[in-house]
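Below: one structure, written as structure tokens.
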Amino acid sequence: MKSIFQLLGLTAITGILLSATEAKQFEDKFGRVMVAELVSHTGAEADLVKIEKSGKKMDVKIDVFSEKDQQFIRDWMKKTPPTLDYAFRIQAVKKKQSEVKGSRSYFSSSKTEVYVYEITITNLTRQPVSDLRIEHRTASAGRSKSLKFQRGTENVKGPLRYNDQISFISTPAKIQSGSGRSSYGYGSSYSFKESLLGVILRIYGPDGETIEEWRSAGTRMDQVSWDASEQSDTSRTRGFTGEDDDDDDGNRGRGDDRRKDDDRRQPDVRDLDALRKLLESGENPFRKDRGGNDAGGKVPDVKPEDFSKIFGSR
């Protein structure tokens, strides 16, 4: 039993010694003393150190300490990883790079616009920052309203001091629009217009950890998540037209590649136009041969009224 009390006494003494090493008596240049604990710093060359005194944390200039304590603090800073309270101001301004109108006819027209964002990041951290990585995504909604992303990366070697800025241009995003109608005059028509939503970005610190996430303003941007932008892109091709469902790049988030049930029940009008042309062409392998006509024994077996009964008038 005596050995247990001896063990408890040894543990208590050890705890007191350990706690004593956490707080230290410091002296300033005028010989005044205080007991405080070193908490954190922002870099080996920083002019300030954060201390805790009587339960209160504060930033103190290192040069107010005595020369001996200044050397002690500098040695501690070299052995202790820095801690930064990161803060940034981020702005993104939309700019149109180009606009190209496609060949226009009586039956169809199209237009392709290219947009970029000029992104400006201001360092509001009280200390210089460096070795940052910026990942940015330009978000847009395709023809089927699914999300598409144009990705880019910027590296900041630094040092970027307080209130310093960096600016860069985002990866260009193509926005397409168009309209048309069937050349057969069956009343079918289509139109689409993609939309540019905004920018979402992340800033990573020297250790690779996320220190800031930001997105541009907008109701639809509130629904854009970073996880969605990280998913790999796929392209969906139409069965009859052979066209991509969205732009020529075929960029699409995998999570957004599923149509809603209503979309599956309603065939796209361009698919129906292509199907109609195939059924009425001589290349239709299911076309019936009927003798007694000038068209080599072949007559249209799919009429406009038959097509409307199946797919409805458009």
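The values are calculated or read from the model by the stated rules, or taken from the named source; none is laboratory data. Please read all numbers here as calculations on a predicted model, not as lab measurements. All Cβ positions, glycine included, derive from the backbone under ideal geometry; neighbour counts span all protein chains shown.
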_Which numbered condition SER66 fails, given (1) farther than 30 Å from GLY198 by Cα; (2) modelled with pLDDT under 90_ = (2)
*Of these, LYS145, LYS174, which one is free of Cβ contacts under 8 Å to residues at least 12 places away in the same chain, assigned by TED's automatic domain parsing to the domain that holds TRP214 and either out of contact with any Cys (no Cβ under 9 Å at 6 or more places or on another chain) or under 27 Å from LYS101 (Cα atoms) (or both)?*
LYS145
*Quickly run through region 147-170 and pick out the residues that are surrounded by fewer than 19 Cβ atoms within 10 Å (Cβ to Cβ), out of contact with any His (no Cβ under 8 Å at 6 or more places or on another chain) and more than 26 Å from LEU84 (Cβ to Cβ).*
ILE169
_Filtered residues of region 67-113 (kept if in a strand (DSSP E or B) and among the hydrophobic types (A, V, I, L, M, F, W, C))_ = PHE88, ILE90, ALA92, VAL93, VAL100
*Of all residues making up region 49-85, the number that are surrounded by 15 or more Cβ atoms within 10 Å (Cβ to Cβ) and within 21 Å of ARG161 (Cα to Cα)*: 7
*Within region 114-144, can you find the residues that are among the basic types (Lys, Arg) and in a loop (DSSP other than H, G, I, E, B)?*
ARG126, ARG143
*State all residues of region 125-140 that are surrounded by fewer than 19 Cβ atoms within 10 Å (Cβ to Cβ), closer than 27 Å to SER225 by Cα and not hydroxyl-bearing (Ser, Thr, Tyr); if no residue qualifies, say none.*
ASP131, ARG133, GLU135
*Going by the conditions given, is THR122 assigned by TED's automatic domain parsing to the domain that holds ILE175, among the β-branched types (Val, Ile, Thr) and either touching a His at 6+ places or on another chain (Cβ under 8 Å) or under 28 Å from TRP214 (Cβ atoms) (or both)?*
yes
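Each row is one residue, and each column tells you yes or no for (1) closer than 22 Å to ASN155 by Cα; (2) at pLDDT below 95; (3) within 14 Å of the chain's Cα centre (by Cα); (4) not in a strand (DSSP E or B).
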| residue | (1), (2), (3), (4) |
| --- | --- |
| GLY187 | no, yes, no, yes |
| PHE192 | no, yes, no, no |
| GLY198 | yes, no, yes, no |
| ARG202 | yes, no, yes, no |
| ASP207 | yes, yes, no, yes |
| GLU213 | yes, no, yes, no |
| ALA217 | no, yes, yes, yes |
| ASP222 | no, yes, yes, yes |
| SER229 | yes, yes, yes, yes |
*asked:* Checking TYR117 against (1) free of Cβ contacts under 8 Å to residues at least 24 places away in the same chain; (2) within 41 Å of the chain's Cα centre (by Cα), only one condition comes out false. Which one?
replied: (1)
